[in-house]
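*Asks:* Pasting in a structure now, in structure tokens, and then I'll have a few things to ask.
The values are calculated or read from the model by the stated rules, or taken from the named source; none is laboratory data. Since the model is a prediction, treat every value here as computed from it, not as a measurement. Cβ: placed from backbone, ideal geometry, glycine included. Neighbour counts: every protein chain shown.
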Amino acid sequence: DTGVSQDPRHKITKRGQNVTFRCDPISEHNRLYWYRQTLGQGPEFLTYFQNEAQLEKSRLLSDRFSAERPKGSFSTLEIQRTEQGDSAMYLCASSLDYGQVNEKLFFGSGTQLSVL
Amino acid sequence: KNEVEQSPQNLTAQEGEFITINCSYSVGISALHWLQQHPGGGIVSLFMLSSGKKKHGRVIATINIQEKHSSLHITASHPRDSAVYICAVTPPHNTDKLIFGTGTRLQVFP
């Protein structure tokens, strides 16, 4: 399978715990995006990477959230001291940027987080 | 008011019917995307268009830049078309993220 993969698919945690999600993009893709989606809503942008550089962070990404892409390949999204409001589907997407705009995005299946 | 509005929010159809989902946006864009989201969260990009029309199999997407409106049409609908269809736009000066609509939930019954 050469698509975008995310791990885990589901995560249940207690409020106050830390959680970490992983995203493996399509191997040649240099752009990687994180989105968050709550029930009944469209995805909301969180952050994105161009190779290993984190180029933009949404205001939605509080100080409890941190994302990394250390080698420009896989990425991790960590949420510290989780709150019930963090419960959502966390989606990862990747694309290949070769100097043109609007490259097609490929999404993973997401990690469903439930904070109890 | 959302920058990207879709209608209807929910749509049911009998197998074989012609389906239309609409998307209107209030911002300038450089491109518009139609995405299909299946139960469990998986999202597939169907189309990316900035003008005119694109067709893939039974699915056609059109866009009218002047009217800031796009439509997604499915001909001869099938139960496997049941999914949430999401419209998203790319602003012209910030091409690195998408603005999403809330989606249209389509259910096609046999």
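*Asks:* So for the range B:35-46 (the condition being farther than 17 Å from A:Lys104 by Cβ, more than 14 Å from chain A (Cβ to nearest Cβ) and of a type outside the set (Ser, Thr, Tyr)), does at least one residue qualify? Talk me through it step by step, then tell me what you get.
*Replies:* In the first step, residues of the range B:35-46 are kept if they are farther than 17 Å from A:Lys104 by Cβ; the result is B:38-41.
Still in the list and also more than 14 Å from chain A (Cβ to nearest Cβ): none.
No, because not a single residue in the range B:35-46 is farther than 17 Å from A:Lys104 by Cβ, more than 14 Å from chain A (Cβ to nearest Cβ) and of a type outside the set (Ser, Thr, Tyr).
*Asks:* Just checking, does the range A:9-30 include any residue being within 27 Å of B:Ser50 (Cα to Cα) and within 11 Å of the chain's Cα centre (by Cα)?
*Replies:* yes
*Asks:* Is the range B:90-107 home to any residue that is touching a Leu at 6+ places or on another chain (Cβ under 9 Å) and of a type in the set (Ser, Thr, Tyr)?
*Replies:* yes
*Asks:* Need at least 3 residues that are at pLDDT 90 or above and of a type in the set (S, T, N, Q) per element, so show me which strands (runs of 3 or more DSSP E) inside the range B:18-110 make the cut, counting only ones lying wholly within it. So that I can check it myself, show each step before the final result.
*Replies:* Values: elements: B:19-25, B:31-37, B:43-49, B:52-56, B:59-64, B:69-74, B:83-90, B:104-109.
It comes to B:19-25.
*Asks:* Identify the single condition in (1) more than 12 Å from chain A (Cβ to nearest Cβ); (2) in contact with a Lys or Arg (Cβ under 7 Å, 6 or more places away or on another chain); (3) closer than 18 Å to A:Glu44 by Cα that B:Val27 does not satisfy, given that it satisfies every other one.
*Replies:* So the condition that B:Val27 fails would be (2).
*Asks:* Could you tell me whether A:Gly72 is assigned to a loop (DSSP other than H, G, I, E, B), over 19 Å from A:Val19 (Cβ atoms) and more than 9 Å from chain B (Cβ to nearest Cβ)? Give the steps one after another, and end with the answer.
*Replies:* Working: assigned to a loop (DSSP other than H, G, I, E, B): yes; over 19 Å from A:Val19 (Cβ atoms): yes; more than 9 Å from chain B (Cβ to nearest Cβ): yes.
Against the criterion (assigned to a loop (DSSP other than H, G, I, E, B), over 19 Å from A:Val19 (Cβ atoms) and more than 9 Å from chain B (Cβ to nearest Cβ)), A:Gly72 qualifies.
*Asks:* Looking at the range A:1-48, which of its residues are small (Gly, Ala, Ser), facing chain B (nearest Cβ under 10 Å) and more than 25 Å from B:Gln6 (Cα to Cα)? Show your work before the answer.
*Replies:* Going residue by residue through the range A:1-48, those that are small (Gly, Ala, Ser) are A:3, A:5, A:16, A:27, A:40, A:42.
Narrowing further to those that are facing chain B (nearest Cβ under 10 Å): A:3, A:40, A:42.
Residue satisfying the conditions is A:Gly3 alone.
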